[in-house]
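Colleague: Got a structure here, written out as structure tokens. Questions coming.
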Amino acid sequence: MESDHVLDFLSNPSRERLRKEIQNICDSYSHPWDILSELCQNSVDAISMYSKSFGDSCRKDHQISLSLNAKDRSIRIYDTGIGFPYDKFAELLAPHGTDKVGSQAIIGEKGVGLTYTIFSADYYQIKTLSITAHIEGDIKNGSLWKRGKIDDTPMFNVLQLQQKESDPRETYTEITLKGIEPTYDEKDDIFSQTAPVLEYILKTKTALGYLKGVFKEPELDIAISVEFLDISGRNHKFDGKPFYMLPDQFVSGANVIDIEEFKQKAATLDDHQKARELQGKALRKVGAEIRSGRKINYYVFFAPTRTLWRDISEKNGIITIKEDGERDALYEGGIYVGSRGMPTGITLEPPVTGSSGYWPNFYMILEDDSIIFDLGRKSIPSRTKGLLRDIARSLFLQDFMPYIKYVSTDPATGANISTVQQYEKTKTIAEFEKLPDLGLDSIKYLKHPDGQEAAVVALFHELVGADMLKGYYSLRSGYKETYDLWALYVAKKELVGSKYAHLSNEKGIVEVPAVIEFKFRAEDILKDFEDNMKFFVDLDLIVCWDLDETKFAKQGIKVELIAKEEVFFYGSNYRLVWPGAYNLGTAGEKPVLALRKFVQDCRASS
């Protein structure tokens, strides 16, 4: 073989390799609404690109019209955007083809959304007019080919492919999909939804729920119209402007208090007066924060009672019916992530705080325009996730905690109970009731731990006693008055990962002594190491409620999920990887059993 011979291994992929690539793209999408999200995003981007290209010189009344037909599982979307250019049309249809790179105003950039829509349906049709082209045509059997049901590679059937100069004010794109594959369960499938649920999805999960106006930035001057023929044959219509469905629209303005405005007034009020002003009211704050050189917009709404979310859902039909007949309220509190004006469908687990029972009352939107998503927008980088959770924590503790203790919807307790002390006592009792349910029927521990290490200890022993945490046998608490628990870990080899199965004895049992340290937050162990109160070499396992990756990252310590085959201590789910800091000697690793994740995994598997 000649030494200077080169082999082009990237060009002209085989049909099977191309099919696999397209399957991977489609599999990267994990939400029932993703096809709507991609279609709406592309239309909004097309209009944004038009405005960027032509500005005020060729202004026109932009519109997006969307229609869904549950009978034939079809979607049609029309926009007055920039259209498809003649010279790049074929490239844009191919996987990873995009002309959106390099603009902060544009949402999409990976060039997979169009591929996803083409190969999620049995029929794809496009009609488009740009300043350089008039194009019409269709692609048949994309979904069937992707799933290996047919062999012939789909082609674009040209009805019109004309290089043509047109007036920018005439540009448009119309896309029609028919026979969209039923990828999700019927209760989640977009065509099975009611009109109110569909509107909720469009305004909270797609670009038609545009976010910039929420943060007092320019809104999209686009008229949208939606038509939906549901599964029973009834037709529904709604229209308006692209804007996110905020809780504000369901609550009277008189019952929403702006935190920043109230702060000025609060300086002159005593506790009784603050309670009188805030009782039964929602709290709101809208603003922005600069972190790591980038601007993070935030919207925060605190509901006076968690039942507000169910009330909103019930009164507005934003519910689905489960198989057992239970009504599932869809509008709910949470920490929602947006980017470049678009809701992403990504939610964040609340950060660890005291009074965590209040978190379900919060509806937060955090918008970071610098986010780079994976394919399908399933997740965001862990560093970004930690930064956003830290902002959420700061808003919770610094801006809302001083006031939410006065927000009460409890019935009046009687004229003779009027002291601030009695009021605070009632609030404390109510706070305990608001703690999230743990949701494990096997144990008597009912609520999430609320900032106390002792609660983590109690929950650990409850789980051990119920045989949900296997292999832990307690010997003595307060080992050498330094560590929390000295125990024996005795486990069958099938309970440990394959990496450690060889450590079992002839009876197939792994048996080792174990020093266990309890923390509410795993990162609290750092100060113990720094102060030489605990010693790295003695410690075998950290048991905590949760951990904050950003706290470890600041010290150069990595937080990694433990793969199933690498689990030694049953239930352990994270690994801390030290770079040699804290005078710990050689770089080391310590397993962590985060009970929040353990409980969540138990509930998910039940």
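Where a number appears in this text, it was derived from the coordinates with a stated rule and is not lab data. Since the structure is predicted, the reported quantities are computational estimates derived from the model, not experimental observations. Please note: Cβ atoms are built from the backbone with ideal geometry, for glycine as well, and neighbour counts cover all protein chains shown.
Colleague: With a cut-off of 8 Å between alpha carbons and a minimum separation of six or more residues, what is the relative contact order of the chain in percent?
Modeller: Details: 1122 pairs, mean separation 55.9, N = 606.
Answer for the chain is 9 percent.
Colleague: At 7 Å along Cα-to-Cβ for each site, give me the label-to-label distance between Glu186 and Ile372 in nm.
Modeller: 4.4
Colleague: Also, quick follow-up: Rounded, prolate or oblate: which one fits region 437-605, using the alpha carbon gyration tensor with axes a ≥ b ≥ c (rounded when a/c is under 1.5, else prolate when a/b beats b/c, else oblate)?
Modeller: Rounded shape, in that the Cα axes give a/c under 1.5.
Colleague: Using a cut-off of under 15 Å, list every residue of region 499-523 whose amide N is near the label point 7 Å from the Cα of Leu397 along the Cα-to-beta-carbon line.
Modeller: 520-523
Colleague: Which angle from 0 to 90°, rounded to the nearest 10, does the C-alpha axis of helix 453-465 make with the longest principal axis of the chain?
Modeller: 90
Colleague: For Lys237, give me every one of the lysines with a C-alpha distance below 16 angstrom, ignoring sequence neighbours fewer than eight places off in its own chain.
Modeller: Those lysines meeting the cut-off are Lys203.
Colleague: Cα gyration tensor of region 131-203, axes a ≥ b ≥ c as square roots of the eigenvalues: rounded (a/c below 1.5), prolate (a/b > b/c) or oblate?
Modeller: Numbers: a/c = 4.73, a/b = 1.34, b/c = 3.53.
In terms of gyration-tensor shape, oblate.
Colleague: Just from its helices, what would the mean residue ellipticity at 222 nm be for the chain, if runs of 4 or more DSSP H residues each count -39500 (n - 2.57) and the sum is divided by every residue, rounded to the nearest 500 deg cm²/dmol? Write down the numbers at each step before the final one.
Modeller: Values: 16 runs with 153 residues, N = 606.
Calculated at 222 nm, the ellipticity per residue is -7500 deg cm²/dmol.
Colleague: Rounded to a whole number, what is D in µm²/s for region 219-372 from Stokes-Einstein with the Kirkwood radius over alpha-carbon pairs (10 °C, 1.306 mPa s)? It would help to have the intermediate numbers written out before the result.
Modeller: Details: Rh = 18.3 Å.
Answer from the Stokes-Einstein relation: 87 µm²/s.
Colleague: Calculated FRET efficiency, Ser477 and Ser606, Cβ-Cβ r, R0 30 Å, to nearest 0.05?
Modeller: 0.50
Colleague: Once the Cα atoms of helix 382-394 and of the chain are each reduced to a long axis, what angle between those two axes, in degrees from 0 to 90 to the nearest 10, is obtained?
Modeller: 70
Colleague: Which aspartates and glutamates, on any chain, are close to Lys499 with Cα under 12 Å apart, when same-chain ones fewer than 8 places away are left out?
Modeller: Glu565, Glu566
Colleague: Just the Cα atoms of the chain: what Rg and Dmax do they give in Å?
Modeller: 28.2, 99
Colleague: Here's something else I'd like to know. Taking R0 as 45 Å, what FRET efficiency do you get between Cys58 and Ala267 from their Cβ-Cβ distance, rounded to the nearest 0.05?
Modeller: Numbers: r = 53 Å, r/R0 = 1.17.
That pair, Cys58 with Ala267, gives E of 0.30.
Colleague: Now a separate question. Roughly speaking, what is the stretch gain from Asp328 to Asp167, that is 0.36 nm per residue apart minus the C-alpha to C-alpha distance, in nm to one decimal?
Modeller: Numbers: separation 161, 0.36 × 161 = 57.96 nm, distance 4.94 nm.
Gain on extension, Asp328 to Asp167, equals 53.0 nm.
Colleague: Continuing with the same structure: Run the numbers for Ala90 and Leu159: contour at 0.36 nm per residue of separation, minus the present Cα-Cα distance, in nm.
Modeller: Numbers: separation 69, 0.36 × 69 = 24.84 nm, distance 1.43 nm.
Here the answer is 23.4 nm.
Colleague: Computed FRET efficiency, Cβ-Cβ of Leu488 and Ser382, R0 51 Å: what is it to the nearest 0.05?
Modeller: Details: r = 35 Å, r/R0 = 0.68.
Here the calculated transfer efficiency is 0.90.
Colleague: Sort out for me the Cα centre separation of region 490-546 from region 142-204, rounded to whole Å.
Modeller: About 52 Å separates the Cα centre of region 490-546 from the one of region 142-204.
Colleague: Roughly what would the spin-label model give for Phe535 and His5, points 7 Å off Cα along C-beta, in nm?
Modeller: 6.4
Colleague: Using 0.36 nm per residue of separation minus the Cα-Cα distance, give me the extension gain between Glu589 and Asp151 in nm, one decimal. Before the final figure, lay out each step's value.
Modeller: On the way: separation 438, 0.36 × 438 = 157.68 nm, distance 5.04 nm.
Between Glu589 and Asp151, full extension yields 152.6 nm more.
Colleague: Quick check: the angle from helix 15-27's long axis to the longest principal axis of the chain, C-alpha only, nearest 10 degrees?
Modeller: Compared with the principal axis, the helix lies near 60 degrees.
Colleague: Mind giving me the nanometre distance, one decimal, between the label points for Asp437 and Ala553, set 7 Å out from Cα along Cα→Cβ?
Modeller: Modelled inter-label distance: 3.4 nm.
Colleague: Sticking with this structure for a sec: Taking a ≥ b ≥ c as the square roots of the Cα gyration tensor eigenvalues, with a/c under 1.5 meaning rounded and otherwise prolate when a/b beats b/c, else oblate, which class fits region 15-240? Don't skip to the end; give the middle numbers.
Modeller: On the way: a/c = 1.58, a/b = 1.09, b/c = 1.44.
Oblate.
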